[in-house]
Structures are given as C-alpha cells and as structure tokens.
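Each remark here refers to the structure printed beneath this line.
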Amino acid sequence: MARKKLTAEERRERILTAARQVFTNNGFAGATTRAIARAAGITEAVLYQHFSSKQDIFEQAMLESVNRDNQVLMSKLNALAGTADSTLADTVRAEGELLTEIGRLLPAIGALFYADPQSGRTNYTDLTAPAFARQVDELAGTAAGKKSVSAFLTMAYGINLGIALHYQFTGETLDVDEVSSQVARLLRTGIDGTPEPRSQAHRS
C-alpha cells in the first residue's frame with residue numbers, strides 16, 4: 001500500500017512536533033537541525049523548505065506554544081489565589097491542578113529556561129515575567145496589594161516547580177492528592193495571613 005503523501009502543513013506540524021522533543025531533550029544549544037530532521041523522518045533540505053533556521057524552528061515550536069501554556073498556567077495560579085475565601089478543600093483542588101500543570105510543562109520549562117543561561121534569562125523576561133505581571137494587575141488594585149499577590153504567585157510557582165523537579169529527577173512516585181493537601185495547608189497562610197485552625201482544617 002502506497003504511503004500517503006503529507007501536505008505541506010502536515011509536514012510542517014510533524015517537524016514542529018519532532019523539534020519540541022529534540023529541544024526538550026537537548027536544549028537549544030544541544031539541538032541540531034540534522035537531529036530535528038531525522039526525528040521528523042525527513043532530510044535537512046526538506047526541513048529548510050519550511051523553516052529558515054534553527055532559531056526559526058525554536059520560536060515556532062517552543063516559544064509560540066509556551067505563550068499558550070502560560071495562559072493555562074496563569075489561570076491555575078489565579079484559581080489558587082482565588083481560594084482565599086473558600087474552604088481548604090477548594091485550595092487543595094486548585095493546588096493539585098497547578099501542580100499537575102507544572103508537571104506537564106516541566107520538560108518545556110527545562111528547555112526554555114535552564115538549558116542555556118543566557119537564552120533562559122531572555123525567555124523568562126520576555127514570556128513568563130510579563131504573564132506574572134498581567135496576573136498581578138488583574139488580582140490587585142493597590143501597590144501594597146500587588147506586592148502581596150506577586151509574592152504569593154511567585155511562592156506558589158516556585159514551590160510547585162521544585163516539587164515537580166524533585167519527583168522528575170528522583171523517579172519517585174508523586175501522590176498529587178497527598179502533596180497538594182500538604183502544600184495547600186502551607187499556602188493558606190500565604191493567602192489569608194493566618195494559619196488554618198487545626199479543628200477547621202480537619203473538618204474541611
């Protein structure tokens with residue numbers, strides 16, 4: 001049976017899918033157009049019919065997708081911050097969703113921010129930092145409120161990123177429900193300024 005010939009758009013998407021895997025595994029500096037072409041099952045000549053350079057591939061494969069992912073990530077952070085007046089169970093649920101999302105994005109986060117210090121700094125200041133700033137503006141109206149919200153969002157992001165990295169590198173099994181419950185109790189202090197009373201936390 002003859003193999004179906006891909007359309008130009010289908011081949012382009014195949015190249016982008018292969019590129020995401022190669023960049024995730026090797027970072028920008030370690031990735032090559034030859035490796036991307038091989039992963040996509042094509043020659044470099046065909047690859048260059050669709051993209052002008054490795055930088056062009058990186059921007060379309062990684063940077064455009066991380067913009068979409070940032071929107072989802074910020075919505076999870078927003079949902080977590082919004083549980084200040086809700087029950088502990090609501091905070092646990094929102095924390096679990098945030099932890100799961102960061103775990104899903106961990107390979108891309110590594111490739112974008114940690115594979116190369118210089119490009120990582122640029123990617124963070126151009127992509128993630130503005131997303132955090134927009135989220136802070138949406139959640140707080142005063143300068144003092146913005147400082148508080150910024151501190152909380154940064155803390156929540158950092159804690160969950162650290163947890164995801166730990167379980168990724170150690171190979172230990174992550175019990176999202178258990179860890180989310182522990183982190184949520186910690187973050188409740190950050191949300192409303194006072195620890196959750198033990199009796200109330202137990203009822204929740």
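Values in this text are rule-based calculations from the coordinates and carry no lab data. Given the structure is predicted, the values throughout are model-derived calculations rather than measurements. Here the Cβ positions follow ideal geometry from the backbone for every residue, glycine too, while neighbour counts run over all protein chains shown.
Listed values, structure above:
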item	result
Gain in span if fully extended, S53 to T87, counting 0.36 nm per residue against the direct Cα distance	7.2 nm
Extension reserve of the L6-A133 stretch, reckoned as 0.36 nm per residue once the Cα distance is removed	41.5 nm
Cα-based equivalent ellipsoid of the chain: semi-axis lengths in Å, sorted from largest, via gyration tensor	39, 19, 14
Local electrostatic count at V176 - Lys and Arg +1, Asp and Glu -1, tallied over other residues with Cβ under 12 Å	-4
Environment charge at T33 (Cβ cut-off 9 Å; Lys +1, Arg +1, Asp -1, Glu -1)	+1
Under 14 Å, Cβ to Cβ, from S150 - net charge with Lys/Arg +1 and Asp/Glu -1	+1
Region 10-81, relative contact order in percent, only Cα pairs under 8 angstrom and at least six apart counted	33 percent
Listed residues Y48, N25, M155: farthest to the positive end of the dipole of the chain (Cβ charges)	Y48
